[in-house]
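Peer 1: One structure coming up, written as structure tokens, with questions to follow.
The values are calculated or read from the model by the stated rules, or taken from the named source; none is laboratory data. Note that the structure is a prediction, hence the values are computed from the model and not measured. In this analysis, Cβ positions are derived from the backbone assuming ideal geometry, glycine residues included, and neighbour counts consider all displayed protein chains. These area figures cover heavy atoms from the full protein model, side chains too; ligands, DNA and RNA do not enter into them. Shrake-Rupley method; radii C 1.70, N 1.55, O 1.52, S 1.80 Å.
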Amino acid sequence: MTLFADLHHRDTPLLLPNAWDHASAAALAAQGFEAVGTTSLGVAAAAGLPDGAGVTRDATLSLALALGSGPFLLSVDAEGGFGDDPDEVAEVACELAAAGAAGINLEDGLGSVSRHAAKIAAVKAAVPGLFVNARTDTYWLGDGDESDTYRRLDAYQQAGADGVFVPGLVDEKRIVTLVKSLDVPLNILYSPSGPTVTRLGDLGVRRVSLGSLLYRRALGAALETAADIRAGRRPRGTAAAYDEVEALSQPSEVSSW
């Protein structure tokens, strides 16, 4: 078992914050997070591209190259693998692993179960040590059908997925039922209106992702600051000092930020 995989089998769930650039990832690592993920929305928005459309392969690989040598374990949100051909998805996974990624997220977008399972199998065959977190969008894009959710997740774990991800699922009873039906760790997307990380751990969840939340809150804080200044008010909240942000580009100083 790899160190990243081991983080999914501890008494408390892995809280995985998601970064969108080098500075955000380095700052999170400096706060003691052992692992950092990327957010496809943040990567896409920063490049002026749509999320989930399979058009951010280059931006995603570029970010992985920038973060792969950082003092943290890196998990990359690769949308649906940037292609329908399992072999092409495996090539992307190989590039991400070569860049230093310890894990990858692959989402099904409610598409073909067999095709997504084939992608997972191809990735595991090409890069056995890469942690594959297989995501189903039955709650994110669909109506939350429990039988369809289990059918998809079972196919993905049978194909070799190391963990499964169900964003949008917040109902505690359904989470417990799903945990009991799985042979691999369950990943849930944190929701401010849903269970706390501690509570999710009690329910059996082994990984809690923040997704695009940090990026969206950072953008919200930027807009609030600009609005405050325009209105003649002092900006609310906190801001890192220039030197602190500058230090994030110096590997030897990241841990002291």
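Peer 1: Quick one: net charge of LEU28's neighbours, Cβ under 14 Å, K/R +1, D/E -1?
Peer 2: -2
Peer 1: Hey, another quick one. Among LEU219, LEU63, LEU200, whose mean-square fluctuation peaks in a Gaussian network model of the chain (Cα, cutoff 10 Å)?
Peer 2: LEU219
Peer 1: Right, here's the next one. Go ahead and run the numbers for FRET between ASP148 and ASP11, Cβ-Cβ distance against an R0 of 35 Å, rounding to 0.05.
Peer 2: Using R0 = 35 Å, I get an efficiency of 0.65.
Peer 1: Considering only DSSP beta bridges with both partners in the chain, what is the antiparallel share in %, to the nearest 5?
Peer 2: Given both bridge residues lie in the chain, the antiparallel proportion sits at roughly 0 percent.
Peer 1: In region 1-143, if every C-alpha pair distance is counted and binned at 10 Å from zero, what percent goes to each bin?
Peer 2: 12, 43, 37, 8, 0
Peer 1: Say we join alpha carbon atoms closer than 10 Å with springs in a Gaussian network model of the chain; which of ARG217, ARG57, ARG230 then has the biggest fluctuation?
Peer 2: With Cα springs under 10 Å in the chain, the top fluctuation among ARG217, ARG57, ARG230 is at ARG230.
Peer 1: Please identify, among ILE229, ILE188, ILE104, the residue showing maximal mean-square fluctuation in a Gaussian network model of the chain using a 10 angstrom Cα cutoff.
Peer 2: Top of the fluctuation ranking is ILE229.
Peer 1: Along each of the three principal axes of the Cα atoms of region 142-257, give the extent in whole Å, ordering the values from largest to smallest.
Peer 2: 54, 38, 24
Peer 1: Please compute the alpha carbon radius of gyration of region 157-201, then divide it by the globular-protein estimate 2.2 N^0.38 Å. Two decimals is fine.
Peer 2: The reported ratio for this selection is 1.16.
Peer 1: Please give the helix 213-230 orientation as an angle from the longest Cα principal axis of the chain, in degrees from 0 to 90, rounded to the nearest 10.
Peer 2: Orientation of helix 213-230: about 20 degrees from the principal axis.
Peer 1: Hey, another quick one. Say R0 is 35 Å: what FRET efficiency, to the nearest 0.05, do GLU172 and THR2 get from their beta-carbon distance?
Peer 2: About 0.70, to the nearest 0.05.
Peer 1: Mind ranking 45-52, 9-16 by how tightly packed they are, going by the mean number of other C-beta atoms within 10 angstrom, highest first?
Peer 2: Listed from highest to lowest mean packing, they are 9-16, 45-52.
Peer 1: So, counting K/R as plus one and D/E as minus one, what does the shell of residues with Cβ under 13 Å around VAL164 add up to?
Peer 2: -1
Peer 1: How much of the accessible area of region 35-139, probe 1.4 Å, is carbon plus sulfur, in whole percent?
Peer 2: Looking at region 35-139 in its full context, I get 53 percent from C and S.
Peer 1: On a 0 to 90 degree scale, rounded to 10, what angle separates helix 86-99 from the longest Cα axis of the chain?
Peer 2: Long axis of 86-99 versus the principal axis of the chain: about 40 degrees.
Peer 1: Hey, what's region 1-50 come to in accessible area per residue, 1.4 Å probe, Å²?
Peer 2: Accessible area per residue: 42 Å².
Peer 1: As a check on your grasp of the helix formula, calculate [θ] at 222 nm for the chain: sum -39500 (n - 2.57) over DSSP H runs of n ≥ 4, divide by the residue count, round to the nearest 500.
Peer 2: That calculation yields -13000 deg cm²/dmol at 222 nm.
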